[in-house]
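One structure below.
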Amino acid sequence: MNKPAPRYRSLSSWLKERFGEPVRKITVDAGLGCPNRDGTISRWGCIYCNPRGSGTGASDHGVSVREQVDRGARFLSERFHCRKFIAYFQSFTNTYGDLSDLAPLWAEALEHPGVVGLAIGTRPDCVADDVLDHLAGLSSERLVWVEYGLQSAHAETLELINRGHGPEAFFDAVRRTHARKIPVVAHLILGLPGESVVHMKATASAVAAAGVEGVKLHPLYVIRGTPLEGMYKSGQYKPFTEQEAIDATLAVLERLSSETVIHRLTSDPHPEELVAPDWMLDKRRVRAHLAMAMENRDVRQGSLWCNRDEILPRLQK
Ligand code: SF4
């Protein structure tokens, strides 16, 4: 019997199509900072971010990029028998610095023979043209993409969560990145304070209109030591229930192009840092519930996508 067509385009299947075999990501912490924490923009960071900045802490422990990649590749090849990897610069803001400091970090990762590409996570207001030019040069031989945190396309939400940039910074960064033929992944958070599903649908349509090649969706969770924890404890913020997160995820998926690669649909909190909601810890169950909801409601990525020529005039009104 033929396998049913997948309901969304996952990163793992896209990488497998492209490289002919499974490709896994190695998370790298290059020890870079964030202008939203060091006082350049603010000292408080985004309200959901703790001082670790999604980092592994490897750099603080003196582990070089080369060692992190070597260790990651060894671990993943033993566990999953894979030979190809993407080095994912995840922690903090990975284009925050001079090109002369950044380029050697990326070169170190690419020295490993199994590394077939780079994923660079960063803020959209923090990417200089010479850095993009350099990444464009690397992308002529390897797969390179840039991941920009947008989180929401609504200026008032970005202000409320203290992002330190507005939506226009994201659209400008996408334009400059695309001008160099580098693919873009947009990070979106579902369930931000003050937002309803209507806001999230509009954000999905806006990133779809910008023509991003990938999207990463994270339902918001509360971690220790963040301003969001204070909002949660004082009753100012109520996290999504699992059902609300599933509903929002499906509503966003339907509005993205079917060509967009979905890098993530669920969140991955550290159990020891998580304050709420508890249901996020059982990722396997959440994924199963999401798959079931897609099946039961016959939801497919892209079923409500409007092509950008249709949607841009509407967004500009
Ligand atoms: S931009 Fe990233 S690292 Fe910086 S405060 Fe926000 S979430 Fe944390």
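The values are calculated or read from the model by the stated rules, or taken from the named source; none is laboratory data. Quick caveat, the model's predicted, so the values are computed rather than measured. With ideal geometry, Cβ positions are generated from the backbone for all residues, glycine too; neighbour counts draw on all protein chains shown. What goes into the accessible areas is simple: the full protein's heavy atoms, side chains included, and nothing from ligands, DNA or RNA. Shrake-Rupley method; radii C 1.70, N 1.55, O 1.52, S 1.80 Å.
May I ask you to compute the full-extension gain from ARG79 to ASP278, defined as 0.36 nm times their residue separation minus their alpha-carbon distance, rounded to one decimal in nm? Please list the in-between numbers first.
Working: separation 199, 0.36 × 199 = 71.64 nm, distance 2.76 nm.
Extra length from ARG79 to ASP278 when fully extended: 68.9 nm.
Amide H of ILE26 versus every other amide H placed in the peptide plane: which residues, excluding those fewer than 5 positions away on the same chain, fall under 5 Å?
Counting only residues 5 or more places away or on other chains, the set is ILE86, ALA87, TYR88.
Using a probe of 1.4 angstrom, how much of the accessible area of the stretch 11-316 is carbon and sulfur, in percent? Could you put the intermediate results ahead of the total?
Numbers: 7030 of 13880 Å².
Heavy-atom surface of the stretch 11-316 belonging to carbon and sulfur, 1.4 Å probe: 51 percent.
Taking 0.36 nm per residue of sequence separation and subtracting the Cα-Cα distance, how much length would be gained by fully extending the chain between ALA179 and ALA291, in nm to one decimal?
Details: separation 112, 0.36 × 112 = 40.32 nm, distance 3.58 nm.
Length gained, ALA179 through ALA291: 36.7 nm.
Mind listing which trypsin sites (Lys or Arg not before Pro) in the stretch 1-110 are in a DSSP loop and have 14 or fewer other Cβ atoms within 10 Å?
Working: sites: ARG7, ARG9, LYS16, ARG18, ARG24, LYS25, ARG37, ARG43, ARG52, ARG66, ARG71, ARG74, ARG79, ARG83, LYS84; in loops: ARG7, ARG9, ARG37, ARG43, ARG52, ARG83.
For trypsin sites (Lys or Arg not before Pro) across the stretch 1-110 that sit outside H, G, I, E and B with at most 14 neighbouring Cβ atoms in 10 Å, the list reads ARG43.
In the calculated pair distance distribution of the stretch 11-316, what percentage of Cα-Cα distances lie above 30 Å? Walk me through the intermediate numbers first.
Numbers: 14373 of 46665 pairs.
Counting every Cα pair in the stretch 11-316, those more than 30 Å apart make up 31 percent.
Just the number please: accessible area per residue for the chain, 1.4 Å probe, all protein chains included, in Å². Walk me through the intermediate numbers first.
Details: 15130 Å² over 317 residues.
Counting only protein heavy atoms, the per-residue value for the chain is 48 Å².
With the chain treated as a Gaussian network of Cα nodes joined by springs under 10 Å, which of ILE182, ILE41, ILE161 yields the largest mean-square fluctuation?
ILE41
Positive end of the charge dipole of the chain (Lys, Arg +1 and Asp, Glu -1 on Cβ, about the Cα centre): tell me which of PHE171, ASN50, THR260 has its Cα farthest that way.
Of the options given, the answer is THR260.
What's the magnitude of the charge dipole for the chain around its Cα centre, counting Lys and Arg as +1 and Asp and Glu as -1 at the beta-carbon? Answer in Debye, nearest 20.
The dipole magnitude comes to about 860 debye.
Can you give the extra length, in nm with one decimal, that the chain gains between LYS16 and CYS306 once fully stretched, where that is 0.36 nm per residue apart less the Cα-Cα distance? The partial results should precede the final answer.
Values: separation 290, 0.36 × 290 = 104.40 nm, distance 2.77 nm.
Result: 101.6 nm gained on full extension.
What does a probe at SER196 reach in the stretch 205-242, counting residues whose amide N is under 18 Å from the point 7 Å along Cα→Cβ?
Output list for this probe position: 205, 237-241.
Compute the distance from the alpha-carbon center of the stretch 237-268 to that of the stretch 85-151, in whole Å.
26 Å
Go ahead and set up a Gaussian network model of the chain, Cα springs under 10 Å, then flag whichever of THR40, THR177, THR249 fluctuates most.
Answer for the Gaussian network model of the chain: THR40.
Can you tell which of VAL28, SER303, LEU138 lies farthest toward the positive end of the dipole of the stretch 11-316, using +1 and -1 charges on the Cβ of basic and acidic side chains (Lys, Arg; Asp, Glu)?
Of the candidates, SER303 comes out farthest on the positive side.
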